[in-house]
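Colleague: One structure coming up, written as structure tokens, with questions to follow.
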């Protein structure tokens with residue numbers, strides 16, 4: 001489960017090959033999926049998306065921007081040094097360097113697709129600074145609208161590309177396999193009342209399904225982020241890496257909305273302060289960098305203030321003031337929706353599930369441990385983020401590895417044809433009628449017991465609850481949610497230390513013994529869950 005990882009080309013990462021159907025299917029309509037589809041052009045490709053393109057992706061909600069070492073004096077090596085420092089000792093430095101070195105080329109690609117990145121008076125790209133970066137290297141759009149602007153540009157490009165076929169309103173459920181070879185997927189239409197899923201045959205499947213935020217009761221992610229890609233891969237036998245590392249954004253706007261709107265980290269980069277109800281700056285007691293400390297430390301600081309009844313607020317009234325709405329329109333609009341003026345009033349904040357550093361294990365070309373299956377974006381675990389993602393590295397990772405997947409598939413894949421439109425297959429959808437109750441129980445269990453602060457007893461109880469909930473449903477979408485929750489919780493249970501986004505109150509120190517990545521199969525997670533819940537029951 002935590003042994004050294006075999007190198008690419010070993011039995012774990014098989015040499016990819018294709019047989020049978022030769023369509024390329026990308027599951028997910030976010031940044032990683034669309035960028036990969038565009039890079040595969042003019043090869044025909046099918047993109048499956050649960051929501052209309054751009055609407056159900058965390059990418060569109062990203063406010064900070066993309067990290068890239070493109071300013072004079074900045075280097076890829078300096079970018080990697082910051083990434084390694086934030087990643088708490090388990091960053092795969094080879095992957096991080098690869099990502100950082102390819103950043104300028106991917107920024108150029110995005111400009112070519114029409115992304116309107118901010119520029120200064122001389123026409124150069126404007127760069128901002130975010131937490132744990134040693135210099136300004138964040139490429140943004142109108143302050144806090146980078147994600148939406150990037151997605152809008154890519155959606156337009158995809159719609160104009162005749163080789164890309166888009167199936168919107170379909171939720172992928174299962175990978176179709178023969179031995180270690182992926183042969184396609186099954187997906188269920190969201191609308192139209194159809195009882196049966198469709199079968200989409202494929203010679204190559206690229207998972208770009210996003211994150212896991214909605215496994216938690218408080219999250220900044222869109223509703224579609226329920227971890228289905230991780231579960232699909234795990235159920236098919238793929239290795240999962242580092243699932244315990246969930247990043248909680250410290251400054252979700254605490255106004256009772258689900259998903260919670262985000263107060264971008266760029267606000268703290270521009271001087272906004274974290275205070276409690278008494279006006280005290282509490283982060284200075286926790287870290288020398290104060291508000292710009294790594295996200296896990298800030299999240300725990302905010303969590304402690306709220307848990308202690310002192311409240312937590314982001315105060316931008318002095319640093320930004322009257323220019324707030326102009327510089328950060330997305331945050332301003334969220335605040336205005338509840339009658340709050342961030343130019344003159346502190347913003348109430350709370351930690352929220354934001355990003356999953358773990359996911360489906362992939363190599364430098366995005367290959368998973370199953371033949372015919374690739375993964376990119378948040379569903380994948382490249383090792384570049386370690387235990388705690390550096391701000392604005394997520395969009396960069398998405399485009400870098402989506403491009404590398406496109407190149408890898410193109411080198412070994414014959415020019416495909418678009419297969420006939422898929423037909424319905426006889427897999428019955430089973431609903432017990434209590435799925436809503438099960439989802440609510442799962443989300444609260446994950447937040448309360450597998451959240452910002454964890455401990456053995458709570459994790460044991462969570463694993464027992466997940467096993468109980470699994471026995472209550474036969475719904476594939478819900479079983480996928482429970483599967484990913486089990487992987488996260490089992491890995492958190494066995495990692496008896498605190499590191500990055502994983503904090504154990506019963507093991508609060510970092511342990512050198514655990515300075516390694518976690519590798520976990522679904523069978524191993526199940527065994528851990530059974531053992532832990534049995535131990536808890538006997539206690």
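The values are calculated or read from the model by the stated rules, or taken from the named source; none is laboratory data. Note that the coordinates shown come from a computational prediction; the quantities given were computed from them, not determined experimentally. Positions of Cβ are generated from backbone atoms using ideal geometry, with glycine treated the same way; all protein chains shown enter the neighbour counts.
Colleague: Quick check: is even one residue across the stretch 216-228 assigned by TED's automatic domain parsing to the domain that holds residue 66 and over 23 Å from the mean Cα position of the chain (by Cα)?
Modeller: No - not one qualifying residue is present in the stretch 216-228.
Let's see how each residue does on (1) under 22 Å from the mean Cα position of the chain (by Cα); (2) in a strand (DSSP E or B); (3) modelled with pLDDT of 95 or more:
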| site | (1), (2), (3) |
| --- | --- |
| 258 | yes, no, no |
| 280 | no, no, yes |
| 296 | yes, no, no |
| 303 | yes, no, no |
| 317 | no, no, yes |
| 340 | no, no, yes |
| 353 | yes, yes, yes |
| 365 | yes, no, yes |
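Colleague: Another question about this same structure. Collect the residues in the stretch 150-189 that are out of contact with any strand residue (DSSP E or B) (no Cβ under 9 Å at 6 or more places or on another chain), buried (at least 20 other Cβ atoms within 10 Å of the Cβ) and assigned to a strand (DSSP E or B), keeping them in residue-number order.
Modeller: Within the stretch 150-189, no residue meets the criteria.
Colleague: Let me ask something else about it. What number of residues within the stretch 331-344 satisfy the criterion of being surrounded by 14 or more Cβ atoms within 10 Å (Cβ to Cβ) and touching a helix residue (DSSP H, G or I) at 6+ places or on another chain (Cβ under 8 Å)?
Modeller: Total satisfying the criteria: 4.
Colleague: Pull up the stretch 488-503, narrow it to residues that are farther than 13 Å from residue 246 by Cβ and in contact with a strand residue (DSSP E or B) (Cβ under 8 Å, 6 or more places away or on another chain), then point me to the one that is surrounded by the fewest Cβ atoms within 10 Å (Cβ to Cβ).
Modeller: Taking the candidates together, the pick is 496.
Colleague: Filter the stretch 506-532 down to residues that are in contact with a helix residue (DSSP H, G or I) (Cβ under 8 Å, 6 or more places away or on another chain) and surrounded by fewer than 20 Cβ atoms within 10 Å (Cβ to Cβ) and give me whichever is nearest to residue 93 (Cα to Cα).
Modeller: Among them, the one singled out is 521.
Colleague: Go over the candidates 110, 154 one by one and state the one that is more than 18 Å from residue 67 (Cβ to Cβ) and not assigned by TED's automatic domain parsing to the domain that holds residue 268.
Modeller: Answer to the selection: 154.
Colleague: Separate question: Does the stretch 194-203 contain at least one residue that is over 19 Å from residue 399 (Cβ atoms), assigned by TED's automatic domain parsing to the domain that holds residue 408 and in a helix (DSSP H, G or I)?
Modeller: No.
Colleague: Run residue 371 past the list (1) at negative phi; (2) at pLDDT 90 or above; (3) surrounded by 24 or more Cβ atoms within 10 Å (Cβ to Cβ); (4) not assigned by TED's automatic domain parsing to the domain that holds residue 308 and report the number of the one that doesn't hold.
Modeller: For residue 371, the exception is condition (3).
Colleague: Here is a further query. State yes or no: is residue 207 over 20 Å from residue 447 (Cα atoms), surrounded by 18 or more Cβ atoms within 10 Å (Cβ to Cβ), touching a helix residue (DSSP H, G or I) at 6+ places or on another chain (Cβ under 6 Å) and in the same structural domain as residue 376 (by TED's automatic domain parsing)?
Modeller: Against the criterion (over 20 Å from residue 447 (Cα atoms), surrounded by 18 or more Cβ atoms within 10 Å (Cβ to Cβ), touching a helix residue (DSSP H, G or I) at 6+ places or on another chain (Cβ under 6 Å) and in the same structural domain as residue 376 (by TED's automatic domain parsing)), residue 207 qualifies.
Colleague: Something else about it: One residue is enough: does the stretch 454-469 have a residue meeting the conditions part of a loop (DSSP other than H, G, I, E, B), under 25 Å from residue 258 (Cβ atoms) and not assigned by TED's automatic domain parsing to the domain that holds residue 84?
Modeller: There is no residue in the stretch 454-469 that is part of a loop (DSSP other than H, G, I, E, B), under 25 Å from residue 258 (Cβ atoms) and not assigned by TED's automatic domain parsing to the domain that holds residue 84.
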